[in-house]
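Working notes for the structure below.
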Amino acid sequence: MNIKQEKTGRVEVFETSAVRLYHQLQREILTGKLHPGERLVRKALCGRFGLSQSTVTEALWRLESDGLVESAPMYGTRVCEITMERTRNEHILREALECQVAREVTEVLRPDDEPELLEMADRVDRAMCVGAKYSEEGMEAHRAFHMKLSELTGLELLIKEMDQQWRRHLVLFNWISSKLLPVPDGWHRMLLTEIFSRDADRAERAMRAHVRYGRSRYLDVVEEINRDLSQR
């Protein structure tokens with residue numbers, strides 16, 4: 001839990017050791033430093049970071065709540081594996097959330113919001129165009145674009161669910177994206193054209209097509225990834 005303290009007229013935010021470890025491990029999972037299926041042994045983590053077992057356990061519990069790790073009796077904790085079933089389920093969930101965001105945002109979008117969204121869309125499209133290679137910055141721009149749309153809805157629970165889903169999606173995308181790039185030119189700008197129409201049905205149809213792009217290739221790529229990981 002974050003601890004807030006008033007000091008010299010400013011509010012300073014401090015993180016507990018468990019939260020700092022949670023953020024560190026989260027980053028290592030999202031960037032692929034920790035591989036899908038890799039075990040997270042509490043004793044080893046205690047030694048690596050110089051922390052108590054209770055602190056490590058709290059950090060792992062937070063990661064499990066995010067859906068980034070999973071625990072099993074007699075086995076311990078591991079980074080969630082990229083399975084066919086999980087990939088299908090994540091796609092279905094993402095489609096449901098993103099399509100609802102597209103509908104909701106048409107109701108509240110202001111003209112002043114459009115220039116920033118267009119700039120963000122162009123940033124993502126440059127990161128995913130022909131000749132582009134996977135980069136952490138590019139994928140963060142991708143996440144930020146879709147999160148901005150959700151934040152504009154002002155619906156707190158929807159925003160929270162989108163944030164957690166996108167963190168899980170980045171784990172998949174970290175391993176899959178290099179095999180799926182590039183996307184069509186102006187892919188995210190085209191999506192905004194439909195959202196800017198303020199027609200909820202048009203926006204939803206466009207978002208559904210957007211999310212489904214490359215889905216048929218995803219499962220083939222999952223098989224390739226698991227073969228590669230099994231040979232490590």
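Mind checking which residues of the stretch 27-46 are of a type outside the set (D, E, K, R) and at pLDDT 90 or above?
Start the filter on the stretch 27-46 by keeping residues that are of a type outside the set (D, E, K, R), which leaves 29-32, 34-37, 40-41, 44-46.
Result: LEU34, LEU40, VAL41, ALA44, LEU45, CYS46.
Tell me which residues, restricted to the stretch 64-90, are within 17 Å of TRP166 (Cβ to Cβ), of a type outside the set (A, V, I, L, M, F, W, C) and surrounded by 14 or more Cβ atoms within 10 Å (Cβ to Cβ).
If the condition is that a residue be within 17 Å of TRP166 (Cβ to Cβ), of a type outside the set (A, V, I, L, M, F, W, C) and surrounded by 14 or more Cβ atoms within 10 Å (Cβ to Cβ), then ASP66, GLY67, ARG86, THR87, GLU90 are the ones that fit.
How many residues are surrounded by fewer than 20 Cβ atoms within 10 Å (Cβ to Cβ) and modelled with pLDDT under 80 when one looks only at the stretch 130-172?
Residues meeting the conditions: 7.
Within the set of pairs 6+ apart or on separate chains, which have a first residue in the stretch 181-192 that is closer than 18 Å to TYR218 by Cα, a second that is modelled with pLDDT of 95 or more, and C-beta atoms under 8 Å apart?
These pairs meet every condition: PRO184/MET190.
(1) at pLDDT 90 or above; (2) of a type in the set (S, T, N, Q); (3) more than 30 Å from ALA200 (Cβ to Cβ): which one isn't true of GLN100, the others all being true?
(3)
Which condition number in (1) within 23 Å of LEU158 (Cα to Cα); (2) outside any loop (DSSP other than H, G, I, E, B) is the one that GLY67 fails?
Failing condition for GLY67: (2).
Please pick out the residue among GLU104, GLU161, GLU85, GLU95 that is in contact with a Ser or Thr (Cβ under 7 Å, 6 or more places away or on another chain) and outside any loop (DSSP other than H, G, I, E, B).
Details: GLU161 fails: in contact with a Ser or Thr (Cβ under 7 Å, 6 or more places away or on another chain); GLU85 fails: in contact with a Ser or Thr (Cβ under 7 Å, 6 or more places away or on another chain); GLU95 fails: in contact with a Ser or Thr (Cβ under 7 Å, 6 or more places away or on another chain).
Exactly one of GLU104, GLU161, GLU85, GLU95 is in contact with a Ser or Thr (Cβ under 7 Å, 6 or more places away or on another chain) and outside any loop (DSSP other than H, G, I, E, B), namely GLU104.
Taking the options GLU90, GLU95, name whichever one is at pLDDT 90 or above and under 15 Å from the mean Cα position of the chain (by Cα). It would help to see each step written out before you state the result.
Values: GLU90 fails: at pLDDT 90 or above.
When all the criteria are applied, what remains is GLU95.
Over 30 Å from ALA206 (Cβ atoms), β-branched (Val, Ile, Thr) and in a helix (DSSP H, G or I): is that true of THR57 in this structure?
Details: over 30 Å from ALA206 (Cβ atoms): yes; β-branched (Val, Ile, Thr): yes; in a helix (DSSP H, G or I): yes.
Here the answer is yes, as THR57 does meet what is asked.
Check off (1) closer than 24 Å to MET162 by Cβ; (2) without any contact (Cβ under 8 Å) to a residue 40 or more places away in the chain; (3) part of a loop (DSSP other than H, G, I, E, B) for GLY32 and give me the number that stays unchecked.
(2)
Taking into account only those residues within the stretch 65-83 that are of a type in the set (D, E, K, R) and closer than 12 Å to ARG168 by Cβ, which is modelled with the lowest pLDDT? Full working, then the answer.
If we filter the stretch 65-83 for residues that are of a type in the set (D, E, K, R), which is where we start, we get 66, 70, 78, 81.
Right, trim to closer than 12 Å to ARG168 by Cβ and you get 66, 70.
Details: ASP66: 87, GLU70: 92.
Filtering first and then ranking leaves ASP66.
The values are calculated or read from the model by the stated rules, or taken from the named source; none is laboratory data. Since the structure is predicted, the reported quantities are computational estimates derived from the model, not experimental observations. Glycine also receives a Cβ, built like all others from the backbone with ideal geometry; neighbour counts cover every protein chain displayed.
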